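Worksheet: the structure to be examined is printed underneath.
The values are calculated or read from the model by the stated rules, or taken from the named source; none is laboratory data. Fair warning: this is a prediction, and the values are worked out from it, not measured in the lab. Cβ placement follows ideal geometry from the backbone for every residue including glycine, while neighbour counts extend to all protein chains displayed. Side chains included, ligands, DNA and RNA excluded: accessible areas come from the protein's heavy atoms. Shrake-Rupley method; radii C 1.70, N 1.55, O 1.52, S 1.80 Å.
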2 protein chains.
Amino acid sequence: MNIPKTLEWIGSTTGHLSLIDQTLLPGEARYIDCRTVDAVWEAIRVLRVRGAPAIGVAAAYGTVIGTRAKIADGVEPRLAVALAADYLATSRPTAVNLFRALDEMRRAADEAAPGRMVAALLDRAIAFHRADQQMCRDIGRHGAELLSDGDGVLTHCNAGALATSGMGTALAVIYEAARAGKRLKVFADETRPLLQGARLTAWELQRAGIDVTLICDNMAASVMASGRIRKVVVGADRIAANGDTANKIGTYGVALCAAAHGLPFYVAAPSTTFDLNLPDGSGIPIEERAETEITEGFGKRTAPVGVRVYNPAFDVTPARLIAGIVTELGVIRPVNAAGVRSQFPHAG
Amino acid sequence: MNIPKTLEWIGSTTGHLSLIDQTLLPGEARYIDCRTVDAVWEAIRVLRVRGAPAIGVAAAYGTVIGTRAKIADGVEPRLAVALAADYLATSRPTAVNLFRALDEMRRAADEAAPGRMVAALLDRAIAFHRADQQMCRDIGRHGAELLSDGDGVLTHCNAGALATSGMGTALAVIYEAARAGKRLKVFADETRPLLQGARLTAWELQRAGIDVTLICDNMAASVMASGRIRKVVVGADRIAANGDTANKIGTYGVALCAAAHGLPFYVAAPSTTFDLNLPDGSGIPIEERAETEITEGFGKRTAPVGVRVYNPAFDVTPARLIAGIVTELGVIRPVNAAGVRSQFPHAG
């Protein structure tokens, strides 16, 4: 199966980060070389690399590159790490995974001998990268059990290989089921306003040889009514302690339609997506994004000038609509506070 | 209230049809003059004029123009009408209202003295136009009762003034409620793939001074969950004898979300929308449209080449999800075969 590689470290401690430029997809699959911390910063900033896990891994490698340059300029090694990490933290200030990756690199620096700082950081970045890939495989393995041969499966947005440094989260479930010989028919919501489903999910599933059909978001209910969808699998941006799940705008509507048709709705996400400090989804802040994403989403004005626009980036799907949450640790089912607690016995 | 005029006959029997070119909206509100039957045919064909009622009225006036030219060329008056009507029938072969309008003009020709054919046709076209405007006002009047001061109202696609020769159907309900002093906050789904909500509904409501907020289709559920929507009003393309309603793709999903939030979902449409020969919605054929509407909807390719696409133009909302159907005759409520029969006592 030809699952795209989102990013890769090329070479040794003198090497660089190579990543697929997602702003050019689906028209062109071009890999760019990031040889400076500025290039990594810019790639995160303008979404050449996107998806919480992929951003984290890119930032880890970016710290290696930035530290190496500072040390070459004569900066003391630990200070060099701090400067590189602080700089990368400004690339996308709302990405929690970015900070987690940078903290990991700062810890690596604390533990390293100053004389082999770059090598120690690279080792840690590679370990971080491998852990992300393993997480994806484990989610895929646990989730694949939920899909049956012949299933029609709906997904929303892109929780795929392109969002991680491995085979994805929601799409890992599909890839692993397909690898196990299950024939699936996937429907991909285009996912307005930014069309991650059309641009990214349709592209990576098609490339991997998975049977994929692109639909507009507002067609999902009708395809469900026709009997062609048996299950829904989506990713998550943040999950509260009771299982309420924030994900890309439109996910909640899909969950309501799935419930109305008696279809199981699954969430697949790394365990790091849980925020156990939030008792439920009501505390999850919903980012509002630029109006022009809706009014000029395709380089052309398609709405009247001056019209009021509401553009929430996420919505919250209540736990009661979720049949199971797949993490690298297993499947949480039923989805409620007790179910979540049973997967994190040492938390809180 | 500044409700746009979709089309208008200018002058006497030597006059012409003026219509707003909807392909230029929302960027430009330009009226074009149709002085030949070819110009009317082309306007219908390329959707400069759209919406079943508006197409019907345009075709009626087009018959006047076409007949006049044929008679001037020496064609026998009744044959001239037949030629003009047959030609216009090819402009949009699936538009039922188009055929109804042309039949009306053929009947007018049968009843007219050959010596005053053009005048008789124009009288009939004007009567047909006035009846459409009256139908809109009556729908608005009956439907306005369903809305309360302060309501948030969601609508989908464009069942507005721009779809009729009057004040619209679903939007007539909103216009008449606003006229009665009710303050409404309208949410308009952009309505992928062709964005009639963004391009047309947002434009005409904004112009009329109605508080309108544009959202992507996949945001409706989340806005409902936030409590900002109290009622849903949409149009219809075809309604079966039991109240099952075919309308623009996405309507069914909106109805499911409304039901999940306990919000009444209303359909507003002329009584001519009912097809009493269809016992229920299962017999309504669903047109599939070009893939490029989804993959290149904005003049730019946004999906991988060769990806499979499903693009149904309509979906069917079952009667059980519809709180009421507003026609020019009143409100059908509850929506079921008996309710529909009670509004059409002489049918079937």
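Output the residues belonging to the stretch B:250-263 that are part of a loop (DSSP other than H, G, I, E, B) and more than 7 Å from chain A (Cβ to nearest Cβ). Across the stretch B:250-263, the qualifying residues are B:H261, B:G262, B:L263. Condition check for A:R130 on (1) part of a helix (DSSP H, G or I); (2) open to solvent by 60 Å² or more (accessible area, probe 1.4 Å); (3) over 30 Å from A:V186 (Cα atoms): one failure, at (3). The set of residues in the stretch A:133-153 that are outside any strand (DSSP E or B) and among the aliphatic types (A, V, I, L, M) comprises A:M135, A:I139, A:A144, A:L146, A:L147.
When the stretch B:287-309 is filtered for residues that are open to solvent by 30 Å² or more (accessible area, probe 1.4 Å) and not small (G, A, S), the ones remaining, listed by number, are B:E287, B:E288, B:R289, B:E291, B:T292, B:E296, B:K300, B:R301, B:V305, B:R308. With a requirement of 2 or more residues that are within 9 Å of chain A (Cβ to nearest Cβ) and over 17 Å from B:A54 (Cα atoms), the strands (runs of 3 or more DSSP E) lying completely within the stretch B:154-249 that satisfy it span B:185-189, B:211-215.
Number of residues in the stretch A:1-32 that are in a loop (DSSP other than H, G, I, E, B) and touching a strand residue (DSSP E or B) at 6+ places or on another chain (Cβ under 9 Å) equals 8.
Applying the criterion of at least 1 residues that are within 14 Å of another protein chain (Cβ to nearest Cβ) and touching a residue at least 24 places away in the same chain (Cβ under 8 Å) to the strands (runs of 3 or more DSSP E) found wholly in the stretch B:293-348 leaves B:314-317. Taken together, B:A161, B:A101, B:A180 contain a single residue that is out of contact with any strand residue (DSSP E or B) (no Cβ under 7 Å at 6 or more places or on another chain) and surrounded by fewer than 23 Cβ atoms within 10 Å (Cβ to Cβ), which is B:A180.
Identify, please: which residue in the stretch B:264-286 is open to solvent by 40 Å² or more (accessible area, probe 1.4 Å) and within 13 Å of chain A (Cβ to nearest Cβ) and is, among those, nearest to A:M219 (Cα to Cα)? Across the stretch B:264-286, the extreme among qualifying residues is B:I286.
For the stretch B:61-83, the condition holds for at least one residue, the condition being that it is closer than 29 Å to B:V234 by Cβ and open to solvent by less than 70 Å² (accessible area, probe 1.4 Å).
Of all the residues in the stretch B:33-89, those that are of a type in the set (D, E) and assigned to a helix (DSSP H, G or I) number 3.
Criterion first (touching an Asp or Glu at 6+ places or on another chain (Cβ under 6 Å), under 30 Å from A:F314 (Cβ atoms) and charged (D, E, K, R)) does B:R238 satisfy it? Here the answer is no, as B:R238 does not meet what is asked. Taking (1) surrounded by fewer than 22 Cβ atoms within 10 Å (Cβ to Cβ); (2) touching a residue at least 40 places away in the same chain (Cβ under 8 Å) in turn, B:P53 satisfies each apart from (1).
The single residue among A:I249, A:I229, A:I215 that is among the hydrophobic types (A, V, I, L, M, F, W, C) and within 19 Å of the chain's Cα centre (by Cα) turns out to be A:I249. Pairs are defined by a Cβ separation below 6 Å, a sequence spacing of at least 6 or placement on different chains, a first member in the stretch B:118-131 that is of a type in the set (F, W, Y), and a second member that is open to solvent by 20 Å² or more (accessible area, probe 1.4 Å); the pairs so defined are B:F128/B:E104. Residue count for the stretch A:271-292 satisfying the condition of being in a loop (DSSP other than H, G, I, E, B) and either over 30 Å from A:D138 (Cβ atoms) or among the small types (G, A, S) (or both): 3.
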